[in-house]
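These notes concern the structure reproduced below.
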Amino acid sequence: MHRILFFIILGILLKSPISAQVEAVKNNKLPYHYLVYYPDGYKDNPKKKYPLVMFLHGRSIQGRDLEMVKRYGVIYEILRGLKIDFVVIAPQCQSGWNSDKLIEVLDHAEKTYRIDKKKVYLTGMSMGGYGAWYLAGAYPDRFAACAPVAGGGKVSDAKNLKSLPLWVFHGVKDKPVPVEESRKMVKAIRAEGNKQVSYTERKDWDHGAAVHVFAMPELYKWFLKFERGGVIEEPDPPLVVIEEPVIKEPIPEPPVVVAVEKEPKKTTTTKEELPYLDFEEKGTKTEPAPEPIIKPRKKAKWWQFWKWGIWKKLK
């Protein structure tokens, strides 16, 4: 009994202070429940406002268990020791992301927490990467910068994103979400004149390896270079943390080849071309002559002496 009490007390004493800064918020008036992280000193300084990061998870985490949202992403890296001076909200969806519902959560967060509304940032991976592209495309004025990871968006949103700073990440070996999903968005947005698009593509990354992005302190430093309505600090070009992008120029689309059926040309086949067939001059096959039918001779029985072969030899 004493041992049990000892371990209970020890567990309380050794409990990480970071875990106490992450809270589950289940508000039935909101379309999504979410986790919130308070940075160090948040509760000690009631006048200070903080930048906000909204993180959107992938398909495997959707459901109604907020503990699942800690499996990877910004909250996961914070619990592992990442130090960032941001408020972080990580909502959980049940069947895909809805941009209007996410804005409801963002509105609630901006009213509930001490948020600097000029410094609101968006990121997400996989299905959350798609969610980030779609949300930024629908509400570009609500964010200072966006970092979609291993996702894809609508090319038609490129015009809406022509002024939003973006840092896009993808792996070449990604099979669930092909790298072309990010390439086409970067190409379309740059074509609209957005010069604040950074693209990092890793040759050795598959889909799951992209989670390493959220452990990069450089990502959060990059966020803070921007605020809604303008750039606080010009980023240091070229902005490459992992490695240089594999592609620098837009990828040309493969030409469309339309197959047209043509009538087969009439050709004359010769005996030299197909020696195993017997052809006439017009190239038509002739039937071979039938072989003669030879019936085997029946052997005479012992009592049919007149049919014995010996009589033919005597002649």
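The values are calculated or read from the model by the stated rules, or taken from the named source; none is laboratory data. Quick caveat: nothing in here was measured; it's all calculated off a predicted structure. For neighbour counting, all protein chains shown are included, and Cβ atoms are generated from backbone atoms with ideal geometry for every residue, glycine included.
The figures follow:
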quantity: Yes/no for G193 being at positive phi and modelled with pLDDT of 95 or more; calculated: yes
quantity: Residue that is farthest from V53 (Cα to Cα), among those in the range 203-224 that are touching a helix residue (DSSP H, G or I) at 6+ places or on another chain (Cβ under 7 Å) and of a type outside the set (G, A, S); calculated: V213
quantity: Residue match in the range 2-15 (condition: hydrophobic (A, V, I, L, M, F, W, C), at pLDDT 85 or above and surrounded by 10 or more Cβ atoms within 10 Å (Cβ to Cβ)); calculated: no
quantity: Check on D40, surrounded by fewer than 20 Cβ atoms within 10 Å (Cβ to Cβ), of a type outside the set (V, I, T) and at pLDDT below 95; calculated: yes
quantity: Given (1) surrounded by fewer than 17 Cβ atoms within 10 Å (Cβ to Cβ); (2) within 11 Å of the chain's Cα centre (by Cα), number of the condition H207 does not satisfy; calculated: (1)
quantity: Residue satisfying condition, being at pLDDT 95 or above, farther than 26 Å from A150 by Cβ and out of contact with any Lys or Arg (no Cβ under 6 Å at 6 or more places or on another chain), within set K70, K111; calculated: K111
quantity: Subset tally (residues that are surrounded by fewer than 21 Cβ atoms within 10 Å (Cβ to Cβ) and part of a loop (DSSP other than H, G, I, E, B)) for the range 128-151; calculated: 1
quantity: Where A215 falls short, out of the listed (1) more than 17 Å from the chain's Cα centre (by Cα); (2) buried (at least 19 other Cβ atoms within 10 Å of the Cβ); calculated: (2)
quantity: Residue in the range 157-168 that is within 16 Å of Y72 (Cβ to Cβ) and either small (G, A, S) or not in a loop (DSSP other than H, G, I, E, B) (or both) present; calculated: no
quantity: Close pairs (7 angstrom Cβ cut-off, 6 or more residues apart or separate chains): free of Cβ contacts under 8 Å to residues at least 40 places away in the same chain and part of a helix (DSSP H, G or I) in the range 191-218, surrounded by 14 or more Cβ atoms within 10 Å (Cβ to Cβ) and not aliphatic (A, V, I, L, M) anywhere; calculated: A209/G171
